[in-house]
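Input: a single structure, listed below in structure tokens.
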Amino acid sequence: MKKLNNFIEKYRFMLLFFIVSSILIHLALFTKDILTADVLLNANYYDGYSWEVSLGRFGLYIFGLLKGFMVFKDLEIFLSIILFGISSVLLLDLFTIKNKVVQTLSLLVISSSPIVSATLLFHYCALPYSFAFLCGVLSIYLLANSQNKIIKYLLPIFLICTSLSLYQAYLAVPVTLIALYSIKRIFDNKFIWKDLLIPLLITLLGTIFYFILMKISLLIFQVDMSSYRGANSFSLSTIFDIPKRIIDCYLSFYQYYFSDKIVNNGNLSINIYNIFFLGIILISIILSAIKNKLSWKYNLLLTFLIICLPLCVNVISIILPDTSLQLLMSSGYLLFIIFFGYLISDNKILTILGCIILILIVRGYLIQDQATYQTLDNTYRKTYEVANDIKDEMIETNCHQLMIVGNIQENNLDISSLTYGFVSNYPLFWEEYSNLKNGWERFMKYYVGYSISFVNEEQYNQILNSSKFKKMKSYPNSMIVDNILVIKFAN
């Protein structure tokens, strides 16, 4: 208890800073109706837990049960920010970053990161995802600092299992943290082999425990493992395919920092800042290795750990075939921000250069966050305007059913080019029939206050393939077929 009190006393200001700055950065999520296609389908009340269990995310069902399957948008975003803040100060303590400026800038980069923004954006699952991140961080923190054997060795197994049950992609957090902390131990001249081997063993045991509980959850819910992203396709061919997926991990590492595939890096020169970010990390590692006069064995281990970092942070791509990295799977990359802060703290020149890079990155992230929120808000407002027109026309024509094809014209705002990508420029409704139907029914009910009956799939396809529909002009034009109001947004 004394250690906990000392920790709170030491980091309470930084935690408060993280919470306040995050609320200000992501204020639009509290004050506006920021929606994506998935958020629309799962807002207010989320009961899709059979699907989540089939993906191996049985922990999400427990979170849903605790919430009564309700979605408390503002409260869940706020609690998620707190959990990210606790994780961040634990990392500051784990890597013993004492420079207040470096601490502050590191927290700002994390709080404004597109990874955190995207997680908060999906507010119906933000709380379990941020808790999964905390579990991953805490598991390694306890292994490094606890003196109690139960807390040191058994609790991390449970924490890693819990993290994976919420989202398997968070395996990257403990795995990457083991590698980064081992590098720190080498530079502190405190490394012993059990610092690396025991955490790896604990992570393996936590993963095995997770797989056992996952199989039990499938039996309890009487569902089969989903084929989504290759979750159910582990076989001998999967093992033979590992070399290709190792290459994919290095490609994903490159894409995350330098391309626009996972997150937009080119629109605000963030890819240039990332060159300096990774360059300073590499230079700091070399200087620290020279300064500490490491033996050839430690230099070899250090090189091996550095080479393995892209594999660690993208480990989900190795264990799950057909999985391409996207923002919600990229939480392990947040750890490099803290590691960067640790490396630059002991060298005045590197501290100055590093702080400049961090400021530039924060500036880029802040612009991307706000551009993303404004773009999504504009999508919502355009959809709301169209939905009200549809409501008025249905009332005026006394139509009892609605059929909509296509999506409202995509955003053409100037700021749309400044977003971090991902879902920011996606349409608000998925094209597949059931998702399109559910999306429009939910939008009309929850945001317009008017319940509709979307046409059934058989009628939908009949009208879609009719010659009359093919000749039909796009919105704001419409037509009525058998008391069904038909709207076409795209040919």
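If you check G64 against the conditions, is it within 30 Å of F209 (Cβ to Cβ), buried (at least 18 other Cβ atoms within 10 Å of the Cβ) and among the small types (G, A, S)? Working first, answer last.
Working: within 30 Å of F209 (Cβ to Cβ): yes; buried (at least 18 other Cβ atoms within 10 Å of the Cβ): yes; among the small types (G, A, S): yes.
Considered against the rule, which asks whether it is within 30 Å of F209 (Cβ to Cβ), buried (at least 18 other Cβ atoms within 10 Å of the Cβ) and among the small types (G, A, S), G64 comes out as yes.
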In the range 475-491, which residue that is open to solvent by less than 50 Å² (accessible area, probe 1.4 Å) and part of a loop (DSSP other than H, G, I, E, B) is modelled with the highest pLDDT?
F489
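What's the total number of residues in the range 347-384 that are of a type in the set (K, R) and open to solvent by less than 70 Å² (accessible area, probe 1.4 Å)?
As a first pass, look at the range 347-384 and keep what is of a type in the set (K, R): 348, 363, 381-382.
Then drop every residue that is not open to solvent by less than 70 Å² (accessible area, probe 1.4 Å), which leaves 382.
Number satisfying all stated conditions: 1.
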Tell me, yes or no, whether the range 384-391 has at least one residue that is touching a helix residue (DSSP H, G or I) at 6+ places or on another chain (Cβ under 6 Å), among the hydrophobic types (A, V, I, L, M, F, W, C) and at pLDDT below 90.
no
Neighbours by Cβ (under 7 Å, 6+ apart or cross-chain): first from the range 97-114, farther than 17 Å from K348 by Cβ; second open to solvent by 40 Å² or more (accessible area, probe 1.4 Å) and assigned to a helix (DSSP H, G or I):
T104/F17; L107/F17; S112/L366
Does the range 67-91 hold any residues that are open to solvent by less than 50 Å² (accessible area, probe 1.4 Å) and within 27 Å of V101 (Cα to Cα), and which are they?
I77, S80, I81, I82, L83, F84, G85, S87, S88, V89, L90, L91
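Step by step: first the residues of the range 1-57, then only those that are part of a helix (DSSP H, G or I) and of a type in the set (D, E), then the one that is most open to solvent (accessible area, probe 1.4 Å). Which residue is that?
Step one: list which residues in the range 1-57 are part of a helix (DSSP H, G or I), which gives 2-25, 27-31, 37-42, 49-54.
Narrowing further to those that are of a type in the set (D, E): 9, 38, 52.
Numbers: E9: 110, D38: 52, E52: 14 Å².
Within the range 1-57, the match that is most open to solvent (accessible area, probe 1.4 Å) is E9.
Taking helices (runs of 4 or more DSSP H) that do not extend beyond the range 388-474, which have at least 2 residues that are open to solvent by less than 30 Å² (accessible area, probe 1.4 Å)?
Details: elements: 433-443, 457-464, 467-471.
Passing ranges, in order: 433-443, 457-464.
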Any idea how many residues of the range 82-96 are over 17 Å from the mean Cα position of the chain (by Cα), assigned to a helix (DSSP H, G or I) and closer than 19 Å to I344 by Cβ?
5
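Residues are listed down the side, and each one gets a yes or a no for (1) in contact (Cβ under 8 Å) with a residue 12 or more places away in the chain; (2) open to solvent by 10 Å² or more (accessible area, probe 1.4 Å); (3) in contact with a His (Cβ under 6 Å, 6 or more places away or on another chain):
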{"position": "K149", "(1), (2), (3)": "no, yes, no"}
{"position": "L159", "(1), (2), (3)": "yes, yes, no"}
{"position": "S165", "(1), (2), (3)": "yes, no, no"}
{"position": "L171", "(1), (2), (3)": "yes, yes, no"}
{"position": "A179", "(1), (2), (3)": "yes, no, no"}
{"position": "R185", "(1), (2), (3)": "no, yes, no"}
{"position": "I198", "(1), (2), (3)": "yes, yes, no"}
{"position": "L201", "(1), (2), (3)": "no, yes, no"}
{"position": "I212", "(1), (2), (3)": "no, yes, no"}
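Could you tell me whether the range 121-131 includes any residue that is under 30 Å from L353 (Cα atoms) and either at pLDDT below 95 or assigned to a helix (DSSP H, G or I) (or both)?
Looking through the range 121-131, none of the residues is under 30 Å from L353 (Cα atoms) and either at pLDDT below 95 or assigned to a helix (DSSP H, G or I) (or both).
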Could you tell me whether T383 is of a type in the set (S, T, Y), part of a helix (DSSP H, G or I) and within 30 Å of Y257 (Cβ to Cβ)?
no
Within the range 68-81, the residues that are outside any helix (DSSP H, G or I) and within 16 Å of S130 (Cα to Cα) are V71, F72
Quickly run through the range 230-252 and pick out the residues that are assigned to a helix (DSSP H, G or I), at pLDDT below 55 and either open to solvent by less than 60 Å² (accessible area, probe 1.4 Å) or within 20 Å of Y61 (Cα to Cα) (or both).
G230
Restricting attention to the range 258-308, and to residues there that are outside any helix (DSSP H, G or I) and without any contact (Cβ under 8 Å) to a residue 40 or more places away in the chain, which single residue is least open to solvent (accessible area, probe 1.4 Å)?
N265
How do the pairs read when you match residues in the range 417-435 that are within 13 Å of E457 (Cα to Cα) with residues anywhere that are open to solvent by less than 10 Å² (accessible area, probe 1.4 Å) and of a type in the set (A, V, I, L, M), using Cβ under 8 Å and keeping only pairs 6 or more apart or on different chains?
N435/A37
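The values are calculated or read from the model by the stated rules, or taken from the named source; none is laboratory data. Treat the numbers as computed from the prediction; the structure is a model and nothing was measured. Virtual Cβ from ideal backbone geometry, glycine too; neighbours counted across all protein chains shown. Ligands, DNA and RNA are stripped out before the accessible areas are found, and what is left, the full protein with its side chains, is counted by its heavy atoms. Shrake-Rupley method; radii C 1.70, N 1.55, O 1.52, S 1.80 Å.
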